[in-house]
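The values are calculated or read from the model by the stated rules, or taken from the named source; none is laboratory data. These figures come from a predicted structure and were not determined experimentally. Cβ sites come from the backbone with ideal geometry, for glycine too, and all protein chains shown count toward neighbours.
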């Protein structure tokens, strides 16, 4: 029979090595899962921050041009025929159309076929939210109050967020504020 000291001096057995490998593998998979979750949450936070910035941008534009009414439906394409007011002197109405076109292009500059809207090319603006949709309207019964809504996709469904069913959710942000 072998003494205890001789058994201990033989080294690590294959079973011990396999158990150690399994434990290490489970730990590495856990860390990889946390990394993927962290990247997804970071992406979602970046989209939400972008949506807040876009909403504040259009509200600032409305505050500057208070004499005009700004309105764009959630599924609407950017207004066509906008004059580029950054290089041309514009009337108040032209400025409102330019603001809406620029803002809508900033949210989404391509249709589902992947074609860029001509007005977005003219204004040199690219959309930053995946399958985004935007809406701005004056709140009825509340003078000088506007509601802005921005939606964007968080999944692989290739349907614009402005035309989805209730079972196909999008992330959204809605702000309501007085511009006076």
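See the values below:
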item: Failed condition for residue 148, given (1) under 19 Å from the mean Cα position of the chain (by Cα); (2) surrounded by fewer than 18 Cβ atoms within 10 Å (Cβ to Cβ); result: (2)
item: Odd one out for residue 74 among (1) free of Cβ contacts under 8 Å to residues at least 60 places away in the same chain; (2) assigned to a loop (DSSP other than H, G, I, E, B); (3) within 26 Å of residue 170 (Cα to Cα); result: (1)
item: Where residue 94 falls short, out of the listed (1) free of Cβ contacts under 8 Å to residues at least 40 places away in the same chain; (2) out of contact with any strand residue (DSSP E or B) (no Cβ under 9 Å at 6 or more places or on another chain); (3) within 25 Å of residue 131 (Cβ to Cβ); (4) in a helix (DSSP H, G or I); result: (3)
item: Residues (exposed (fewer than 15 other Cβ atoms within 10 Å of the Cβ), more than 12 Å from residue 136 (Cβ to Cβ) and either at pLDDT 90 or above or out of contact with any helix residue (DSSP H, G or I) (no Cβ under 8 Å at 6 or more places or on another chain) (or both)) located in region 63-79; result: 63, 64, 66
item: Any hit, region 40-58, residues being out of contact with any strand residue (DSSP E or B) (no Cβ under 6 Å at 6 or more places or on another chain), assigned to a loop (DSSP other than H, G, I, E, B) and at pLDDT 90 or above; result: no
item: Any hit, region 130-141, residues being free of Cβ contacts under 8 Å to residues at least 24 places away in the same chain, over 16 Å from residue 82 (Cβ atoms) and surrounded by fewer than 21 Cβ atoms within 10 Å (Cβ to Cβ); result: yes
item: Selection within region 91-121 - surrounded by 17 or more Cβ atoms within 10 Å (Cβ to Cβ) and farther than 17 Å from residue 152 by Cα; result: 94, 95, 96, 97, 98, 99, 100, 101, 102, 117, 119, 120
